[in-house]
Every structure is written in structure tokens, then in C-alpha cells.
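The values are calculated or read from the model by the stated rules, or taken from the named source; none is laboratory data. Computed from a predicted model, the values in this text were never measured in an experiment. Positions of Cβ are generated from backbone atoms using ideal geometry, with glycine treated the same way; all protein chains shown enter the neighbour counts. Only protein heavy atoms, including side chains, enter the accessible area calculation; ligands, DNA and RNA are left aside. Shrake-Rupley method; radii C 1.70, N 1.55, O 1.52, S 1.80 Å.
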Amino acid sequence: MIKTDLIWMNGKFVNWDEAKVHILTHGLHYGTGVFEGIRCYETKNGPAVFRLKDHIKRLFDSAKVFMMEIPFSIKEIVEAVKETVRVNKLKECYIRPIAFYGYKEMGLNPLNNPVDVAIICYPWGTYLGEEGLKKGVRCKISSWRRIDSCMLPPLAKLTANYANSVLAKLEALKCGYDEAILLNLNGRVAEGPGENIFIVKDRKLITPPFCAGALPGITRDSIITIAKDRGVLTTEMEILREQLFLADEVFFTGTAAEITPIREIDGRVIGNGSRGPITEMLQTEFFKTVRGENKEYLDWLDFV
Ligand code: PPE
């Protein structure tokens, strides 16, 4: 990973190498953290963070599920994110805000422990490779099922949830694939380990609803809006495994993954076996949007 200079920790900047926590940090032992993934892109008018307020609102929503009181306001965290990008003199970067129950007492009850908050910015290129972005990636339907809301809350970005994602990712990689696709407990398509998923069938988009175990993705929402404005409608509907195989196009959306086409799933070639035309159009429009070249969505950008 590429280091930057300063990390924001509990309201102060510390040097990258000094951004440490105690070994008894509650979140380390029990997964009691919440986080976000945000990207900042270079535009003609300087670096701009994409949908920053929406990401920070989601961070606070995730915290609510853990009964975690973040000791800063949404506004303070929004400003702190921009300040962290600024002090590190970054033009483009990935931004990782995290809040977690810290060190004081051991045991499952986290409520007596402090809540620590940090914001880290660093350059992060393509999530599934430059080639993946252009030609598509190969996916395996995981033998792990997406966490169900009766066990862990898939709508919240809790660090604990990512144990499920890591298991799916490991399995896919060890089997020679680029990425996993997770089904939910009912065997319907949920999402990728770190991405939402869409299929294209007869020029229409379908994506799983939140109750299928899909994170309320901000890229997902952006793509639904951009597609609609270009006459491509999205239905939020349960997706069966075989609908993936029979789709004209399939793609992932996510802050890290951006818009990544899927060209093969469990040995079945999807569509023409490469990036499909609607995926390509949406990818192009998405990249124009985040770089401030689509005037209609300028209010999604927070200039640093
Ligand atoms: N589902 C999951 C499970 C998920 O983690 C992400 C983001 C999404 C969907 C897409 O959400 P959004 O970024 O709001 O469009 N995953 C973050 C972490 C990835 C990682 O490997 O770390 C991200 O993309 O930042």
C-alpha cells in the first residue's frame, strides 16, 4: 500500500507510522467497528469527494446499529475528511473513515469503552485490476451465504460483517476466480463481498433489493439515477442464480470497484464474454460524473 503523511485520529493529525491502537481495542477482538469507503477524484476544479455527506450519514447509521455514539457531528467528520485529503496534498485517493469501540474494558459489552474515530486517505487504483475494468472479471458463486439480518445486519457497514466477505473472497481466489458472488439464505443473489451487483436483460437493469441482503450502496444509487436519466430503468427485484447466467450483461458497483463488468460466472460466459454496451455506457457516464464532467450531478461532488 502507498503511505501518505497524516492520519486524522480523534480530532488530531498524527504521522502515518504513529497511528496505532492498544492491543485490547474492543473492535479488534469483537469486530465492533463501523467504516466507510469513499473516493476522491481529480476534476478541472481540483480534487472532489464523491457523495461525501451520503457516506458519512451511512457511517452514522451503521454506528446506530451498534449503539455507538460517535463523539463528533456529521458536519465535523465531513470537514475532517476534506481536511485529511488537503493536508496530504492528494489529487485522487480512497478515503477510509472508521469508528470503533476502543480500549478500556474487556468483555462483550462495549458501552463503557471509548469510541475512537480515524480517517485515512491513500491512493488506491482499480479494485479488480485495470484489465477487469475494461474486459470484465471472472466470478465464483460462493459456498458461503451472505449474512442474514437475523444474524448480522447487512445494511450496516460493521467491521464484523466483513468476516463473511473475507471468507467468500478467499474461497473465490483459491479456486482461481477474481471475485465472489454471494447468495442469501434463500438462495437469491445478494451482492459481491464488497460490491453491489446488477444484471442487464433486454436493455433493462435489475438489482437485488436491500431485503435480499444488499448494502444500500452509494454507487448503486448513483447508477440507478444515471441509468434512469438515460432512459434505462432499474427494477429492484429478487434475482435467481440462473438469471445471472442468462443475463445479457452483469456488473458490480462499489466505491472501490467503481463499475466492474463480470464476464464469466461459474464457467458460464456472460453475454458476449466482455464488457457489454450498457455497462460500458454506464461506466463512461459514471467516470464523467465523478470527475465533474456531468453538470447535472455536480451537487454529488464536495470540492476539497
Ligand atoms: N456491498 C458491500 C458488501 C460493500 O462492502 C460495498 C462497498 C458495496 C456493496 C458498495 O457500496 P458503495 O461503496 O456505497 O457503492 N465496499 C467498500 C469496501 C471495499 C473493501 O474491499 O474494503 C468500498 O467499496 O469502499
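Data table
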{"item": "Among HIS55, ALA214, CYS93 the positive-end extreme of the charge dipole of the chain (Cβ point charges)", "result": "CYS93"}
{"item": "Modelled FRET efficiency - R0 51 Å, LEU111 with ASN272, Cβ distances, 0.05 increments", "result": "0.40"}
{"item": "Sum of side-chain charges, GLU69 neighbourhood, beta-carbon under 15 Å (Lys, Arg +1; Asp, Glu -1)", "result": "-1"}
{"item": "√(5λ) per eigenvalue of the Cα gyration tensor, the stretch 130-290, largest first, Å", "result": "22, 18, 15"}
{"item": "Contour excess over end-to-end distance, with Cα ends at LYS174 and ASP221 and 0.36 nm allotted per residue", "result": "13.8 nm"}
{"item": "HN-Hα J in Hz across the stretch 271-281 - Karplus 6.51, -1.76, 1.60, θ = phi - 60°, x for Gly and Pro", "result": "x, 8, x, 8, 5, x, x, 6, 4, 5, 4"}
{"item": "Cα-only radius of gyration and Dmax that characterise the chain, units Å", "result": "19.2, 56"}
{"item": "Heavy-atom surface of the chain, accessible at 1.4 Å and reported per residue (Å²)", "result": "46 Å²"}
{"item": "Formal net charge of residues neighbouring LYS295 (Cβ-Cβ distance under 14 Å; K, R +1; D, E -1)", "result": "-2"}
{"item": "Under 5 Å, built H, 5+ apart or other chain: amide partners of GLU191", "result": "LEU182"}
{"item": "Of all accessible heavy-atom area on the chain, the percent that carbon and sulfur account for (1.4 Å)", "result": "54 percent"}
{"item": "For the stretch 1-41 and the stretch 88-144, distance of Cα centres in Å", "result": "10 Å"}
{"item": "Cα-based convex hull, the stretch 60-158, per residue volume (Å³, whole number)", "result": "158 Å³"}
{"item": "Phi-based couplings in Hz for the stretch 60-75 (Karplus 6.51, -1.76, 1.60; Gly and Pro marked x)", "result": "5, 5, 4, 4, 4, 4, 8, 6, 9, 9, 6, x, 9, 8, 4, 4"}
{"item": "Paramagnetic label zone (point 7 Å from Cα along Cα-to-C-beta, ASN186; backbone N under 11 Å) in the stretch 230-251", "result": "237-240"}
{"item": "More than 25 angstrom apart: percent of Cα pairs within the stretch 6-122", "result": "22 percent"}
